[in-house]
Amino acid sequence: MVRDMKQTEIGWIPEDWEVVTLQQISKITRLAGYEYSTYWKEQINGEIIGLRGFNIGKNRIIHREFSYISDKLSKKLIRSRLFCNDIIYPCVGTIGNAAVITENDRYHIQQNIAKITPQILSVYPFYLSHYLMSDFGLREVEKFNGSSSQPNVLVGSLRQYNIILPPLPEQEAIAGALSDADAWIESLEQLMAKKRLIKQGAMQTLLTPKDDWEVKKLGDRSIIYTGKKNNQDKSENGKYPFFVRSQTVEKINSYSFNGEAILIPGEGNLGSIVHYINGKFDFHQRVYKISDFVGLNGKYLYFYFRMYFGNHAMQNTVKATVDSIRLPTLEEFIIKFPSLSEQERIATILSDMDAEIETLEQKLIKAKQIKQGLMQELLTGRIRLV
C-alpha cells in the first residue's frame, strides 16, 4: 500500500483528500416544470440568453440557436438565473458535459439543465466542472441514470454524486492543467474548422467548370457495377477494406479487386458518402463501383463527386422503403473536366489539403487521449501538483 494513500468507496486517494457528495459542497436547482409552462416566454429582443442542453459543451458555451427572455422574467425565476461561478449540467440527453458561467446577468437555464452553485470556500468551480466530465463523473451518471433509452439524471440523484475533493489549492492547480489541455484541444478544433473552410473554398474555385472543359456522361467514361458480397468473410481483424453502406469502412479477410475505384452506396445516405480506393478491396452488393476511367483522373473524379453528386442523387432517388439510386442515375451523371494534367493538378491540391486535415485529426485524437490520461492521474492523486 502506498503510504500516504487511503481506500475509499471510489478507490485509493491521497490521505489529505476527501470523498463528499455534491450536495455537501454545492446548491443544486433547476427550472421547475410549472415555472416553464406558466411563466416562460421567449422574446427576440430579450436581454438574457436561455440556455438549452445543446448550448453546453465541455467547459464552454456553444453559440448555437440561442433563445432569449427578458431580464424581468429572468429575475422573477431567480432560482434558475445564472451567476458567475455557477456550473451548468444537462440532466437529459447530452449528459457528461458541463460549463462554468463566467459573467453575471447574461444567462438563464431552460428545462432539463441543473444549476450547480459551488461553495467557493470548499470547491473551485472549474475543478468541479472538470470532475463532472471525468470518468468518475460518468460513473455516477451510470449509477443514477433514470432511463436506458434516453440518458437522464434527476436532481435528487445528482445531489448524491460522489466527488473526490483535494484541498482547494490543489483543485485550482488541477483545473489549471486540465484547462490548458482543453485550450490545446480547442485550438486544434478551430484550426481544423478553418482548414475545412479553406478546402471548401478551394473545391468551389477549382471544380467550377470553365468554358473549355469537356462535358460527358459518367457512363461514357467509366465502368459501373455493384458488388456481389453481403457480409460474407467480414472480420474485425480482416486484412482488406470492405466498403459498405455507411461512412465506416469495415474489414474483410479476402479481396476481389485490386486497383483504383470510387465507391458509392446505392441506398441510404445518398450522395453524401463517397470513397476512393487504390489497392486491394471488396464491396457490398448494394454499393456501386466506378472504375476503368477513360481520360479521367480518379482522385479528380472523387472530389468532383463530393462536390456535385449529392444534388443529382437526391433529384433522381427511387422512393421506396429505403431511398435508393439505380444504375442509370450514375451512368447519366454529367461530369465536366479539364485536361488530364489540369485534373491531376486539382487532385493534388485537394489531396494535400485532405492530408493536412487528416494530420490535424490525428493530433486532435492524441490530444484528447493525453488529456484523458492526465485527468485520470490528477483526479486520483497519482500526480500531485501541489
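Past the 20 Å Cα-Cα mark, which pairs from Lys280/Lys336; Lys228/Lys251; Lys299/Lys363; Lys41/Lys75? Correct reply: Lys280/Lys336; Lys299/Lys363. In the P(r) worked out for region 14-169, what percent of Cα pairs fall beyond 27 Å? Across region 14-169, Cα pairs with separations above 27 Å total 21 percent. Per the Debye formula with a single identical scatterer at each Cα and no solvent contribution, what log10 I(q)/I(0) holds for region 93-216 at q = 0.16, 0.21 Å⁻¹? Treating every Cα as an identical point scatterer, log10 I(q)/I(0) equals -0.93, -1.29. Within region 52-110, the chymotrypsin sites (Phe, Trp or Tyr not before Pro) that combine a DSSP coil assignment with at most 15 other C-beta atoms in a 10 angstrom radius are Phe66, Phe83.
Between Ser67 and Gly50, the built amide H atoms are under 5 Å apart, and every one of these is 5 or more places off in sequence or on another chain. Computed from the C-beta positions of Ala183 and Asn104 and an R0 of 30 Å, the FRET efficiency is 0.80 to the nearest 0.05. In this structure the amide hydrogen of Lys27, modeled in the peptide plane, comes within under 5 Å of the amide hydrogens of Thr117, Gln119, none closer than 5 places in sequence on its chain.
For region 236-242, putting each phi into the Karplus relation 6.51 cos²θ - 1.76 cosθ + 1.60 with θ = phi - 60° gives couplings of 4, 9, x, 8, 10, x, 10 Hz, in residue order, rounded to whole numbers and with x for Gly and Pro.
Work out which trypsin sites (Lys or Arg not before Pro) in the chain are exposed loop sites (DSSP not H, G, I, E or B, at most 11 other Cβ within 10 Å) and give the longest gap free of them.
My reading of the result: 65-209 is the longest stretch.
Accessible area ranking (1.4 Å probe, heavy atoms, ligands and nucleic acids excluded), largest first, for Val287, Val386: Val386, Val287.
If you bin all the Cα-Cα distances of the chain at 20 Å, starting from zero, the percentages per bin are 22, 39, 33, 6. Remark: spin-label model distance Asn269-Lys251 equals 2.2 nm, labels positioned 7 Å along the Cα→Cβ axis. Inter-label distance, Leu154 to Thr359: 5.4 nm, where each label sits 7 Å from its Cα along the C-beta direction.
Using all pairs of distinct alpha-carbon atoms, the Kirkwood hydrodynamic radius of region 12-60 works out to 15.1 angstrom.
The residue list Asn152, Pro118, Met192 was ranked by how far each Cα lies along the charge dipole of region 38-196 toward its positive end, using unit charges on Cβ atoms, and Asn152 comes out on top. Solvent exposure of the chain, expressed per residue, is 51 Å² of accessible area, with all protein chains present and a 1.4 angstrom probe. Placing +1 on the Cβ of every Lys and Arg and -1 on the Cβ of every Asp and Glu, with nothing else charged, gives the chain a dipole about its Cα centre of roughly 720 debye. The charge dipole of region 31-86, taken about the Cα centre with unit charges on the Cβ atoms of Lys, Arg (+1) and Asp, Glu (-1), comes to about 120 debye, rounded to the nearest 20.
Since only Gly93, Asn162, Leu82 are under comparison, the one whose Cα sits farthest along the positive direction of the charge dipole of the chain, derived from C-beta charges on Lys, Arg, Asp and Glu, is Gly93. Carbon-plus-sulfur fraction of the accessible area of the chain, 1.4 Å probe, in percent? Carbon and sulfur atoms account for 49 percent of the accessible area of the chain.
Close amide-amide hydrogen proximity is noted between Tyr288 and Ile264, Gly266, each under 5 Å apart and 5 or more residues distant or on a separate chain (H modeled in the peptide plane; Pro and chain starts excluded).
Translational diffusion of region 272-362, estimated by Stokes-Einstein from the Kirkwood radius over alpha carbon pairs at 37 °C in a medium of 0.692 mPa s, is 219 µm² per second.
What order do Leu385, Leu73 take when sorted by accessible area (1.4 Å probe), most exposed first?
Details: Leu385 80, Leu73 20 Å².
Sorted by accessible area, descending: Leu385, Leu73.
Give me the Kirkwood hydrodynamic radius of region 234-386 in Å, from all C-alpha pairs, to one decimal place? Evaluated over region 234-386, this radius sits at 18.1 Å.
Divided by 2.2 N^0.38 Å, where N counts the residues, the Cα radius of gyration of region 1-97 comes to 1.49. The residue among Leu73, Gly33, Val20 whose Cα reaches farthest toward the positive pole of the charge dipole of region 1-90, with charges on the beta-carbon of Lys, Arg, Asp and Glu, is Leu73. Taking all Cα-Cα distances within region 166-294, those exceeding 26 Å account for 49%.
Our helix-only sum for the chain, with -39,500 (n - 2.57) per DSSP H run of n ≥ 4 divided by its residues, gives a mean residue ellipticity at 222 nm of -12000 deg cm²/dmol. For region 69-199, a simple Cβ point-charge model (Lys and Arg +1, Asp and Glu -1, everything else neutral) yields a dipole of about 640 debye relative to the Cα centre.
The values are calculated or read from the model by the stated rules, or taken from the named source; none is laboratory data. All figures in this text were calculated on a predicted structure; none of them were measured in a lab. Note: ideal-geometry Cβ built from the backbone for every residue, glycine included; neighbour counts use all protein chains shown. Remember, those area values only see protein heavy atoms, side chains included, never the ligands or the DNA or RNA. Shrake-Rupley method; radii C 1.70, N 1.55, O 1.52, S 1.80 Å.
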